[in-house]
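Below is one structure, written out as structure tokens; the observations come after it.
Nothing in this text is a laboratory measurement; each read-out follows from the coordinates by a stated rule. Since we're looking at a predicted model, the values are computed, not measured. Cβ: placed from backbone, ideal geometry, glycine included. Neighbour counts: every protein chain shown.
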Amino acid sequence: MKYILLIYGNEKLWAEATDEQRRQTYGEYERFGRMLEERGAVRGGAELDLTTTATTVRKRDGEFVVTDGPFAETAEQLGGFYLVEAADLDEALGFAKALPAGVVEVRPLVETPGSG
């Protein structure tokens, strides 16, 4: 079954991080990615740009409203994701616990016939 691991963090802390802190963090994610590859579990993933680059499209009363920024103000922002193949939720949670991120949302993907 496929699961998405949504990685949340505080963009302000990331923006204030030193180059060394960023290198260390990227190294932790590289090690995590290698672990997923070794287990044959990685199906995709990416780091997202800052929420200041986001654009939100809402449909209201049949009309579309386009606004700059994310949908809601939050203390933690979605910063990236991994798409993984796991035998079950327990294995997916194990992957999430291995991530260096402090907050990870784990959600199964809805698999439709023929989606493979």
Tell me which strands (runs of 3 or more DSSP E) are completely within segment 1-66 and hold 1 or more residues being surrounded by 14 or more Cβ atoms within 10 Å (Cβ to Cβ), or say none if there are none. 2-9, 42-47
Counted residues in segment 1-44 being free of Cβ contacts under 8 Å to residues at least 60 places away in the same chain and farther than 22 Å from Gly69 by Cα come to 23
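Going by the conditions given, is Thr51 touching a residue at least 24 places away in the same chain (Cβ under 8 Å) and among the polar types (S, T, N, Q)? Walk me through how you get there before you give the answer.
On the way: touching a residue at least 24 places away in the same chain (Cβ under 8 Å): yes; among the polar types (S, T, N, Q): yes.
Taking the combined requirement at face value, the residue satisfies it.
Of everything in segment 73-116 that's in a strand (DSSP E or B) and of a type in the set (Asp, Glu), which residue is surrounded by the most Cβ atoms within 10 Å (Cβ to Cβ)?
Once the filter is applied, the top-ranked residue is Glu85.
Kindly evaluate Arg58 against the criterion of being farther than 18 Å from Leu6 by Cα and basic (Lys, Arg).
Numbers: farther than 18 Å from Leu6 by Cα: yes; basic (Lys, Arg): yes.
Yes: the conditions hold for Arg58.
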Could you grab me the full set of residues in segment 85-109 that are aliphatic (A, V, I, L, M) and closer than 24 Å to Arg23 by Cα? Ala96, Ala98, Leu99, Ala101, Val103, Val104
